Amino acid sequence: MRYCSLLRHFWLVLIVASLLNASNVQEVTEKPRFKVEIAPWLTILHSADNKEISLSKAAVSSGFPLVVGPNRILMLFRGPKLNEVQVAISTDGARSWSPRGVIDKNPEPGITVGRPVAVKSRHGSLWVFYTGSLSDDAECPKAGLWVIQSDDGGKSWAERKRIWTGDAANLQGAVETRSGTIVLPFGYLVSPNRFANGVILSRDRGKTWKLVPSVVDIPLAADRARREHGVAGGALEAAIVQLKDGRLWILARTITGNLWQSFSKDDGETWAPASPSLLTCGGSVHLTRLASGRLALVWNQADWSNDPFWHYPWNLREVSLAFSEDDGKTWDKPMVFARGESELHSLVTEVSPGVLLLTLPQDGLLLEGREGSIRTAQEWARFDSPFIFRKYSSRPTAPQVWAQLYRYGHMNKEEAGAESPRVVFIGDSITDYWSLDKFFPGRGYINRGISGQTTPQMMLRFFPDVIALKPDVVVILGGTNDVARDPGPHVPVQMMEDSVRAMVELAHKHHIRVVLCTIPPVSDYNGFSRTKDRPAAAIKLWNSWLRKYAAEVQAGLADYFSVMADENQLLRADYSIDGVHPNDIGYAAMAPAVQSAIERSTQHGPVGSRQP
């Protein structure tokens, strides 16, 4: 057995070495002070110093690739003249390109063209969309969205049409549905520094266009602290794809730490209430369907360690890639494929079956990757390998911010001087996504939930996020991530118990009353395999201990499990969209349970300085 193990490692070393030798890039130096590191299983087709095609460094002029036929790719740009849309053409798999040509020149005064995006219809028509922004002294209506159309493969273009007027964010792509509806998601300004996502769609091949507003509009409180720093918040750029079951799926960039999502069953006419997805977000996002049937996602994952001052997980220095076999219900291990000293973002398209083209437009790079090679690298990166693949696996969170101690720092300073009585909710995503102002109007309850956290992480931030605020009551909900098996940390039960005991004893020491909450059930009703990840036996075991411990220390108890479970002891289908996280109906069922527990806890005298 030992001999076989050594032999396997020997062959792995040879494979790694061959990949490194075959790769023609590791670092690309654009300027003496700037470097981009590219994963070894990708090939650079073009870089910034290539004279055939020069991708602009500005974010708004990123090149957008559109495959229009066998061996024919259009790359769309904002031109050097800021009111122009230009195109370059490749007929050899993105290895060489024609000179750029102007396909539209917007005559509106003061217009600056944003990133163009495009879609090819099933009838062969090409649709190019772009935004426009205005200079401060421009005397014309708000810029809005434009579309131009070609019916001959891009040789000629119809006159532009303004299809919406307003202030729009950058575009990330459009789709034509199987029934022929063209759908373009976009962010638009709804108040200073705050965007919402809407879609604009056409069912008659571009003759008329309909706006569907507020598809993704995150709660004001979700990123209030970030917007107060002058950073644009809300729901920004959005990616879109049609799922195998016919639904449309939007993933929108936010600076809350997660991509937000919404689904439509009727080609974009109506949309389900938006909610945070399980995918983290530190920057832009792009999504596409591959010939294999998989979804390919490129995006900037969240990183709370980058800047503790700003309190949002900006991470534009790394770009990751992941595949999904089941339409986004689960994802393969994300792989970091590019790191830089400045901001990076990417778009992905499939130029031929299994051959991916990845752009790094701000840095003048075009990359090629093979779907099979990338998936093989993902498999190797799952192990604690000492070789090159380990560094490209999903980036670990820095130890000093493992509990995200910085996230609420700015808000905690404001809340610390507020008057009592007050209640702080601390927990994971179920708390994080709960709009307390909506369900407890006028009560001023404070939300300190952080998506993905376990009870040990909650315990580490108990001082800054709870004790420093000097509340009368703390509501503690944790454990669903602790018991999660795959994916998940699977925290030992003893560690869970110790973490909850520590929080309760700290609260009592500081004269804070405690309400403990049972873990809600999970279910597979909505197409997600939640009962496998979070076994019913593990949830039952934890909740049983929690009920006994609450009675032992005379803590309040909000029994979410009992009010959320159906006759099968699973999460009711109408209470959630993903089998774990409550929707508004689910939160409405939880609210009376916790409010009753809070009121009962405050009927007693103040907590003494004793430890239970």
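Anything in region 310-329 that is at pLDDT 80 or above and either over 14 Å from the mean Cα position of the chain (by Cα) or not in a loop (DSSP other than H, G, I, E, B) (or both)? List them, or say none.
Passing the criteria: ARG317, GLU318, VAL319, SER320, LEU321, ALA322, PHE323, SER324, GLU325, ASP326, ASP327.
In region 177-210, which residues are in a strand (DSSP E or B), open to solvent by 10 Å² or more (accessible area, probe 1.4 Å) and over 24 Å from HIS345 (Cβ atoms)?
SER191, LYS210
Restricting attention to region 581-608, and to residues there that are under 24 Å from the mean Cα position of the chain (by Cα) and closer than 28 Å to LEU506 by Cβ, which single residue is surrounded by the most Cβ atoms within 10 Å (Cβ to Cβ)?
HIS581
If you go through region 201-216 one residue at a time, do you hit one that is without any contact (Cβ under 8 Å) to a residue 60 or more places away in the chain and in contact with a Pro (Cβ under 8 Å, 6 or more places away or on another chain)?
yes
Taking ILE218 as the residue in question, decide whether it is open to solvent by less than 10 Å² (accessible area, probe 1.4 Å) and part of a loop (DSSP other than H, G, I, E, B).
Taking the combined requirement at face value, the residue satisfies it.
Within region 333-352, track down each residue that is closer than 30 Å to VAL580 by Cβ and in contact with a Leu (Cβ under 9 Å, 6 or more places away or on another chain).
Scanning region 333-352 gives PRO334, MET335, VAL336, PHE337, HIS345, SER346, VAL348.
Within the bounds of region 527-537, is there any residue that is in contact with a strand residue (DSSP E or B) (Cβ under 8 Å, 6 or more places away or on another chain), hydrophobic (A, V, I, L, M, F, W, C) and part of a helix (DSSP H, G or I)?
No.
Name every residue in region 253-275 that is over 15 Å from ARG226 (Cβ atoms) and either assigned to a strand (DSSP E or B) or touching a Pro at 6+ places or on another chain (Cβ under 9 Å) (or both), in order of residue number.
Across region 253-275, the qualifying residues are LEU259, GLN261, SER262, PHE263, SER264, GLY268, SER275.
So which residues in region 230-287 are among the basic types (Lys, Arg) and surrounded by 24 or more Cβ atoms within 10 Å (Cβ to Cβ)?
ARG253 - this is the single residue of region 230-287 that is among the basic types (Lys, Arg) and surrounded by 24 or more Cβ atoms within 10 Å (Cβ to Cβ).
Does region 384-404 include one or more residues that are open to solvent by less than 70 Å² (accessible area, probe 1.4 Å) and modelled with pLDDT of 70 or more?
yes
I'm trying to understand the selection: among the residues of region 190-215, which are under 27 Å from the mean Cα position of the chain (by Cα) and of a type in the set (Val, Ile, Thr)?
Correct list: VAL190, VAL199, ILE200, VAL212, VAL215.
Scan region 542-563 and give yes if some residue there is out of contact with any Gly (no Cβ under 8 Å at 6 or more places or on another chain), modelled with pLDDT of 95 or more and of a type in the set (Lys, Arg), otherwise no.
So far as region 542-563 goes, yes, one or more of its residues are out of contact with any Gly (no Cβ under 8 Å at 6 or more places or on another chain), modelled with pLDDT of 95 or more and of a type in the set (Lys, Arg).
Cβ-Cβ under 9 Å, sequence separation 6+ or interchain: first residue in region 320-341 and at positive phi, partner open to solvent by 10 Å² or more (accessible area, probe 1.4 Å) and modelled with pLDDT under 85. Which pairs?
ASP327/GLY527
For residues that are closer than 12 Å to TYR525 by Cβ and outside any helix (DSSP H, G or I), tally how many sit in region 564-606.
So the answer is 10.
Considering only residues of region 444-457 that are closer than 19 Å to PRO471 by Cα and either within 24 Å of the chain's Cα centre (by Cα) or at pLDDT 90 or above (or both), which is surrounded by the most Cβ atoms within 10 Å (Cβ to Cβ)?
If we take residues in region 444-457 being closer than 19 Å to PRO471 by Cα and either within 24 Å of the chain's Cα centre (by Cα) or at pLDDT 90 or above (or both), then ARG448 is surrounded by the most Cβ atoms within 10 Å (Cβ to Cβ).
Select from region 69-109 the residues that are over 23 Å from GLY124 (Cβ atoms), outside any strand (DSSP E or B) and open to solvent by less than 30 Å² (accessible area, probe 1.4 Å) and list them in ascending order.
GLY79, ASN106, listed by residue number.
Within region 136-155, does at least one residue satisfy the condition of being assigned to a loop (DSSP other than H, G, I, E, B) and touching a helix residue (DSSP H, G or I) at 6+ places or on another chain (Cβ under 8 Å)?
For region 136-155, residues assigned to a loop (DSSP other than H, G, I, E, B) and touching a helix residue (DSSP H, G or I) at 6+ places or on another chain (Cβ under 8 Å): absent.
The values are calculated or read from the model by the stated rules, or taken from the named source; none is laboratory data. Small disclaimer: the values here were computed from a predicted structure and weren't measured. Positions of Cβ are generated from backbone atoms using ideal geometry, with glycine treated the same way; all protein chains shown enter the neighbour counts. Just so you know, the surface numbers come from the protein's heavy atoms only, side chains and all, with ligands and any DNA or RNA stripped out. Shrake-Rupley method; radii C 1.70, N 1.55, O 1.52, S 1.80 Å.
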